[in-house]
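See below for the structure under consideration.
The values are calculated or read from the model by the stated rules, or taken from the named source; none is laboratory data. Source: prediction; values computed, not measured. A quick note on method: Cβ atoms are made from the backbone with ideal geometry, for glycine too, and the neighbour counts reach across all protein chains shown. Only protein heavy atoms, including side chains, enter the accessible area calculation; ligands, DNA and RNA are left aside. Shrake-Rupley method; radii C 1.70, N 1.55, O 1.52, S 1.80 Å.
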Amino acid sequence: MATGTVLATAVSNSGGKGCCKSGPGYASPLAAMSGPREKLIYVTALYSGTGLEKPDYLATVDVDPNSPTYSSVIHRLKMPYIGDELHHTGWNSCSSCHGDASADRRFLVLPGLISGRIYAIDTKTDPKAPSLYKVVEPKEILEKTGLAFPHTSHCLATGDMLVSCLGDKEGNAKGNGFLLLDSDFNVKSRWDKPGHSPMFGYDFWYQPRFNTMISTSWGAPKSFSKGFNLQHVADGLYGSHLHIYKWPEGEMKQIIDLGNTGLLPLEIRFLHDPSKDIWYVGSALSSNMIRFFRNSDDTWSHEASRVVISVKPLKVENWILPEMPGLITDFLISLDDQFFYFVNWLHGDIDVPQIKGKSLRGGPQMIQLSLDGKRLYATNSLFSAWDRQFYPELMDKGSHIIQIDVDTEKGGLSINPDFFVDFGDEPDGPALAHEMRYPGGDCTSDIWI
């Protein structure tokens, strides 16, 4: 799993300690590192695709070691529908709005990847027991924009929210693009200009100082939603492209084709220091971490030497393929831009017999780092159809969350033996746990401008 590899030098960034009172979040990434220790984590948990006809839900997990309910789910907010496939989450407001005293980090944006709904969850009235504020129905989104399969959301400094949508209502990638919501979750429009739709959609990151937004590629929903078929890669149903947009105009100005070096480039992360023009992409199927830089003409590129990490496939027996890639499905960068962590979902990389008497299942999938960089949390569910295909025991035994202690001074990772949240013990049956968010923001949701 995460290796603690140093891939970037430290950066100098001024800013006071703790959270200023002007707007949400923190004045700088380094100021965020001095923020309070996390006590709660919100986790998407789902029954979609498991065979259990139950609604997906948002789980509130107690991560305060001084609490009597530490390492347990303390609240479950069930969605009003069945079959959403809750996946990634974002905030209505984050550190990009820090200079706006009227902005408020109140709502967690919760897209249903398969249903097309987008839920607005109020986390401020009662942080331990979030409540449903609003539902954006897929019919409205389709009628106004033609978009479906919402995935990644980021707040904007304007107060609007931007959501990547991976296809049209039939699951074709050709209809994908970006949905713009206003501050009260009303559908405004598509963000991308006509004729500037990406080839495939997935994650995105924007950096106003360089007038740039970059989006990545997964595949056509009609393909990935049924499980992974290697032939579909050859058939052109999965991507290897990065799409460079002019920010905030929504005009595509460059496409980078990574070829076989970058098949299924999923997650993208800029360095957190907004003055730095360096970013990374994790190509899942090729299992390469690739570094990018800005050219003198304001285009972006990488070189062969910029493949900073390459994970070799492992020969296996009686599994999906004779040689299994690591499948880098998530990575993150510590807020001081010092440490880099990534997961190999199909290789596992955590050799621990048991935690609190429970055996680990599957491989680490989504990760989240504490603000101070000393605690790393990991779930193990990727997407229900792929979970069933690659790790079928998750259907019967459910997901779990583990916590890894990070030694930021001497280096090294160690499992916290006192933390294990078992979603196999949920009241409605084994559930799949995916993305995690702290109430006060984190290194994968907050963007500094």
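Note on the chain: with a GNM built from Cα contacts shorter than 10 Å, the maximum mean-square fluctuation among Pro322, Pro417, Pro36 falls on Pro322.
Using just its DSSP H runs of length 4 or more, each adding -39500 (n - 2.57), the chain gives a mean residue ellipticity at 222 nm of -1500 deg cm²/dmol after division by all residues. Converting phi to 3J(HN,Hα) with the Karplus coefficients 6.51, -1.76 and 1.60 and the offset θ = phi - 60°, region 366-379 yields 9, 10, 9, 10, 5, 4, 7, x, 9, 9, 10, 9, 9, 9 Hz in sequence order, with x at every glycine or proline.
So, counting K/R as plus one and D/E as minus one, what does the shell of residues with Cβ under 14 Å around Ser223 add up to?
0
Taking packing as the residue-averaged number of other Cβ atoms within 10 angstrom, the listed peptides 183-189, 346-352, 409-415 run from highest to lowest as 346-352, 183-189, 409-415. Maximal additional length on extending the Ser301-Asn66 stretch stands at 79.9 nm, based on 0.36 nm per residue less the C-alpha distance.
For region 118-127, 3J(HN,Hα) computed residue by residue from phi via the Karplus equation (6.51, -1.76, 1.60; θ = phi - 60°) reads 10, 9, 9, 10, 7, 9, 9, 4, 8, x Hz, glycine and proline entered as x. Here the dipole of the chain is about 300 debye; that uses its Cα centre as origin and unit charges on the Cβ of Lys and Arg (positive) and Asp and Glu (negative). Residues considered: Val163, Val308, Val233. Largest GNM mean-square fluctuation over the chain, using C-alpha springs under 10 Å, is found at Val308. Pop out the carbon and sulfur fraction of the accessible area of region 75-127 as a percent, whole number, probe 1.4 Å. It is 49 percent, rounded to a whole number.
Solvent-accessible surface of region 40-145, averaged per residue with a 1.4 angstrom probe and all protein chains in place: 37 square angstrom. Given R₀ = 22 Å, what would the calculated FRET efficiency be for Lys374 paired with Ala129, taking r from the Cβ atoms and rounding to 0.05? Calculated transfer efficiency: 0.20. At full extension, Glu137 and Leu413 could sit 95.1 nm farther apart than now, given 0.36 nm per residue minus the alpha carbon distance. The overall shape of region 132-243, judged from the alpha-carbon gyration tensor, is oblate: a/c is not under 1.5, and a/b is no greater than b/c. Computed 3J(HN,Hα) for region 38-54, one whole-Hz value per residue from the Karplus formula 6.51 cos²θ - 1.76 cosθ + 1.60 where θ = phi - 60°, is 5, 10, 9, 10, 9, 10, 6, 10, 9, 10, 4, x, 8, x, 8, 7, 10, glycine and proline marked x. Across the chain, Cα pairs under 8 Å and at least six residues apart give a relative contact order of 15 percent. Among Lys226, Lys169, Lys315, the largest mean-square fluctuation in a Gaussian network model of the chain, built with springs joining Cα atoms closer than 10 Å, belongs to Lys315.
Once the C-beta distance of Glu393 and Leu230 is scaled by a Förster radius of 22 Å, the resulting FRET efficiency is 0.50 to the nearest 0.05.
Using R₀ = 41 Å, calculate the FRET efficiency as 1/(1 + (r/R₀)^6) where r is the Cβ-Cβ separation of Glu249 and Lys222; round to 0.05. Efficiency at R0 = 41 Å is approximately 0.85. Around Trp91, which amide H atoms from residues at least 5 apart in sequence, or from another chain, sit under 5 Å from its own amide H, with H modelled in the peptide plane? Residues meeting the amide H criterion: Val109, Cys155.
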